Amino acid sequence: MTSLVSSADAPFRRNDQGELTCDGVRLADIARDHGTPTYVYSAAAVDVAFDSVDSAYAGAPHLVCFALKACSNLALAARLARRGAGVDIVSGGELFRALKAGFPSERIVFAGVGKTRQEIGEALDANILLFTVESIQEVEAISALARERGKTARVAFRVNPDVDPKTHPYVSTGLKKNKFGIGRETVLDAYRFALSLPNLDPTGIHCHIGSQLVHLDPVRDAVDRIADLVAELKGIGVPIRYIDIGGGIAIRYRDETPDGPTAIASHVIGRAREFGATILMEPGRFLVGNAGILLTEVVYTKENGSKKFVVVDAAMNDLIRPSLYDAYHEIVTVSPPSGEENLVDIVGPVCESGDFLAHDRSFPPVASGDLLAVLSAGAYGFVMSSNYNARPRAAEVVVAGGTARVTRQRESYEDLIRGEVV
């Protein structure tokens, strides 16, 4: 298996001394200055990923909406906003963060199966571009709240196309058994109903079949089904101006060879042109996943019989993907690796047997105080972290222009009890 740090264009590379760096900044220096565990992101890598999606659709009206749920770091979000990105949000809190990051309201789309009336009201007050609607009750709520405010809400029904995305079942979202969207058989009636409601403009249609899609043929299939629906909707007087194809473009964690954004771009552009529609898309992991790592320090090494363990100061509360999905993340030493490799479990200090970052991993010898980097941790890393075991959440550092800056301070013990009363 080829390491993710070996590529000449990878943001995390070894320098001439064999030390791991982020865009030329030594990770050992970041650990010395800011401690561990710490998330470290390459701003340049985010730029490159965004530009690759944006340029793939340059031949048509489009908006690349960053899925903020993947990584809510304000500095990275603000960088994307400045580059012309839109943002895909799924909560009132994400709306607040998106506005703080500088995303114009006309570039904000609001998805999610359980928006509260308070969240809907906040989005209406902000004059966002589009609500992605997932049920009849939700569209009724949006209509009522828009009417109270004297506003017109643009909505897009999220259609469940019943396409198998060929991904992990926990991140599959486009099958009938999933909670998301409305069924194909009810779409026309749903739009007719939306047309009958006051203060609504049913101007879009949306689908998103899943995350970490290595091959994009299922997305092409879903887009074709959506385009056929758009033709039917036009026939009943619903002019669709926005076709939202969702996200899901995969990154390489291990040995995957993912399709890139250009794999289906020309097909999507062609289908959208049939209706003069603007294309919306919602990449998250693709923009930030390989742009971030989790930097951690070895606390102890130990053996239980024939089993070898490397205990580090990062845990499942910092990066839950291995415990939750049995997800693979490449882990490498920050200093030059040397010595004969052995099979080890790399685990954290949380009091759960499920607290691991790697099982049975072939790894070089390490000792207390050594630094490790958990790669491909930029997406669904910090955003899914918690304070389990009363552990303060990690710091976040962004490297840009050869300088490492703290963009989120490490939490303190006082932060753990902020807002509580004895």
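What to note about this one:
- Scan of region 51-71 for residues that are of a type in the set (A, V, I, L, M, F, W, C) and more than 26 Å from Asp318 (Cβ to Cβ), ordered by number: Val53, Ala56, Ala58, Ala60, Leu63, Val64, Cys65
- Of all residues in region 401-411 being of a type outside the set (Ser, Thr, Tyr) and in contact with an Asp or Glu (Cβ under 8 Å, 6 or more places away or on another chain), the one that is surrounded by the fewest Cβ atoms within 10 Å (Cβ to Cβ): Gly402
- Screening Glu414, Glu340 for residues that are without any contact (Cβ under 8 Å) to a residue 12 or more places away in the chain and either acidic (Asp, Glu) or buried (at least 21 other Cβ atoms within 10 Å of the Cβ) (or both) leaves exactly one candidate, Glu414.
- Residues of region 300-337 satisfying the condition of being under 22 Å from Arg410 (Cα atoms), more than 24 Å from the chain's Cα centre (by Cα) and buried (at least 21 other Cβ atoms within 10 Å of the Cβ): Val312, Val334
- In region 127-149 there is no residue that is touching a Phe, Trp or Tyr at 6+ places or on another chain (Cβ under 8 Å), surrounded by fewer than 22 Cβ atoms within 10 Å (Cβ to Cβ), at pLDDT 95 or above and assigned to a strand (DSSP E or B).
- Contacts under 6 angstrom Cβ, first residue in region 139-156 being more than 18 Å from Val238 (Cα to Cα) and assigned by TED's automatic domain parsing to the domain that holds Ile128, partner buried (at least 23 other Cβ atoms within 10 Å of the Cβ) and of a type in the set (A, V, I, L, M, F, W, C), 6 or more apart: Ile142/Phe131; Ile142/Ala153; Ala146/Ala153
- Counted as qualifying within region 1-62 are the strands (runs of 3 or more DSSP E) with 3 or more residues that are touching a helix residue (DSSP H, G or I) at 6+ places or on another chain (Cβ under 7 Å), namely 38-42.
- Qualifying residue in region 253-266 (condition: of a type in the set (Lys, Arg), farther than 30 Å from Phe363 by Cβ and within 27 Å of the chain's Cα centre (by Cα)): no
- Summed over region 254-280, the residues that are of a type outside the set (S, T, N, Q), surrounded by fewer than 24 Cβ atoms within 10 Å (Cβ to Cβ) and either part of a loop (DSSP other than H, G, I, E, B) or touching a Phe, Trp or Tyr at 6+ places or on another chain (Cβ under 8 Å) (or both) give a count of 14.
The values are calculated or read from the model by the stated rules, or taken from the named source; none is laboratory data. Just so it is clear, the model here is predicted, and its values are computed rather than measured. Glycine also receives a Cβ, built like all others from the backbone with ideal geometry; neighbour counts cover every protein chain displayed.
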